[in-house]
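The values are calculated or read from the model by the stated rules, or taken from the named source; none is laboratory data. Just so it is clear, the model here is predicted, and its values are computed rather than measured. All Cβ positions, even for glycine, are placed from backbone atoms using ideal geometry, and neighbour counts span all protein chains on display.
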Amino acid sequence: MNVILGAGMAGIGAFYRDGSFEIFEKEDHAGGLCGRFSVKSDDDRIFYFDKAVHLSFTEDPVVKEAFFKVKQNIYNPVPHSWFKDTWLQHPAQNNLFPMTAEFKVNALKDFINRNQNDDPSNFKQWLLFQYGQYLYDELFEPYNKKYWCTDLEEMDICWVGNRFYRPNIEEVLYGSYTDKTPNTYYAKEMRYPEIGGYRGYIDGIISIAENIGKIHYGYVADNIDLSNKTISFKNGERIKYDKLISSLPLPVVIKCIKDAPSEIKNNAESLEYTSIALVSFGFEKVINCKDIWFYIYDTDILAARAYLPSLKSSENVPEGCSSIQFEIYRSSNGKPFDPVVCMQNCIYALKKMNLADERDIIAKDFRTVEYGNIIFRKDTRQNAACIIKWLESNGIYPIGRFGKWDYLWSDQSFLSGYETASVT
């Protein structure tokens, strides 16, 4: 039997490429980090939420062919950021028009005088090099500490890519004089299924591919025996595999291999990540927000981002209602989330941002996602590469964000599975 562990975006990508594989998924549905859940109001109205904000902007023809099997809503994204009790068009660094004259002078002065001869070796140095001390202190350090939950000086920059816009002085000056600025967001078009949430893309693929292979739900891998090529699951079942593709997080798959070398186990234990607390609200009105998603810089608000499922698709909310979901992060080495604190702080955020009042809430939910993002330290890439090489030498082929241990977007995760299935 050819086996895929995990029916998230990467596992489905592998399944899409080669239907001879069978998927074993721990949940009772496919999706993984791109999954979906529902929340009921007291009068049984249903609100649907994704597991954090997800929108597709893929340009890859393979992913387009797979994703475009379902009807989609298309958006031209112009997100905003909440900063010092005001809204700035995102990215903030070249949209400073709403800020005070003093703020803009300090930001521009430090941007012009920043050390442009630096060769940054960590994330803090990279941000200083790009934006200057003032914008680093006011914008980038507070936000990124909320998002990454670690000292920025200890982070590598291998993951940055095009995730941060790097304006020139003309753009920063122009954006400080007017709010009529061009959209410089890295994606000019975003897509989202009309029905089924972001998981709708996966459901569309499964509906066509189900007759080729099989997906088994409720299977949590407990032990992988390399010598006998068997997998034991917590439900008591055991299977023999010929080929094995795994989208499980590297620390998880290594824990399943009891006789893994101590070096590999130590490397796996060194890998850090963020977990996400999702605080979701349904409202009996259309709330005062036009952005599908936005960023939150102010540190009195715990959440780093929020998105509105009701603006992604009308199917996500009952008629006449709206919804929002906040994302709060912690590191894998940090303190557990306090559900009461998280919930109350997000209600505070709703009031502070003039989005809604507590009495407007008719449905609410708190839940956590264990694996959110990879935290890249100096030795992360090296340690992950060592684990992956060892796994592949033993006939296990990792895929996806947490199998490859990389900051992959959903289409990149899909392709990692698709490409691996084509060569194993």
Name the one entry in VAL53, VAL39, VAL62, VAL105 that is closer than 23 Å to PRO249 by Cα and at pLDDT 95 or above.
VAL53
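Within segment 16-52, which residues are of a type in the set (Phe, Trp, Tyr) and either buried (at least 23 other Cβ atoms within 10 Å of the Cβ) or part of a loop (DSSP other than H, G, I, E, B) (or both)? Step through it out loud before you land on a result.
Keep residues of segment 16-52 that are of a type in the set (Phe, Trp, Tyr), which gives 16, 21, 24, 37, 47-49.
Selection gives TYR16, PHE21, PHE24, PHE47, PHE49.
Checking the condition under 28 Å from the mean Cα position of the chain (by Cα), surrounded by 18 or more Cβ atoms within 10 Å (Cβ to Cβ), of a type in the set (A, V, I, L, M, F, W, C) and not in a helix (DSSP H, G or I), which residue from LEU139, LEU135, LEU127, LEU88 passes?
On the way: LEU139 fails: not in a helix (DSSP H, G or I); LEU135 fails: not in a helix (DSSP H, G or I); LEU127 fails: not in a helix (DSSP H, G or I).
Answer to the check: LEU88.
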Test for GLY13: is it closer than 20 Å to ILE399 by Cβ, at pLDDT below 95 and outside any strand (DSSP E or B):
no
Go through ASN106, ASN73 for me and flag whichever is in a strand (DSSP E or B) and either more than 30 Å from TYR136 (Cα to Cα) or touching a Phe, Trp or Tyr at 6+ places or on another chain (Cβ under 6 Å) (or both).
ASN73
Elements of type strands (runs of 3 or more DSSP E) contained in segment 311-424, each with 2 or more residues being under 30 Å from ASN73 (Cα atoms) and modelled with pLDDT of 95 or more:
322-331, 361-375
Residue count, segment 126-161, condition in contact with a strand residue (DSSP E or B) (Cβ under 7 Å, 6 or more places away or on another chain) and farther than 18 Å from ILE296 by Cα, comes to 3
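What tally of residues in segment 389-419 results from selecting those that are under 22 Å from the mean Cα position of the chain (by Cα) and at negative phi? Lay out the reasoning, then the answer.
Going residue by residue through segment 389-419, those that are under 22 Å from the mean Cα position of the chain (by Cα) are 398-419.
Applying the additional criterion that residues be at negative phi yields 398-399, 401-404, 406-419.
So the count comes out to 20.
Can you report the number of residues in segment 276-317 which are of a type in the set (D, E, K, R) and either buried (at least 22 other Cβ atoms within 10 Å of the Cβ) or closer than 26 Å to TYR136 by Cβ (or both)?
From segment 276-317, those of a type in the set (D, E, K, R) are 284-285, 290-291, 298, 300, 305, 312, 315; that's our starting set.
Next, only the ones that are either buried (at least 22 other Cβ atoms within 10 Å of the Cβ) or closer than 26 Å to TYR136 by Cβ (or both) stay: 291, 298, 300, 305, 312.
Number satisfying all stated conditions: 5.
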Hits in segment 256-282 (condition: hydrophobic (A, V, I, L, M, F, W, C) and within 22 Å of the chain's Cα centre (by Cα))
ALA268, LEU271, ILE276, ALA277, LEU278, VAL279, PHE281
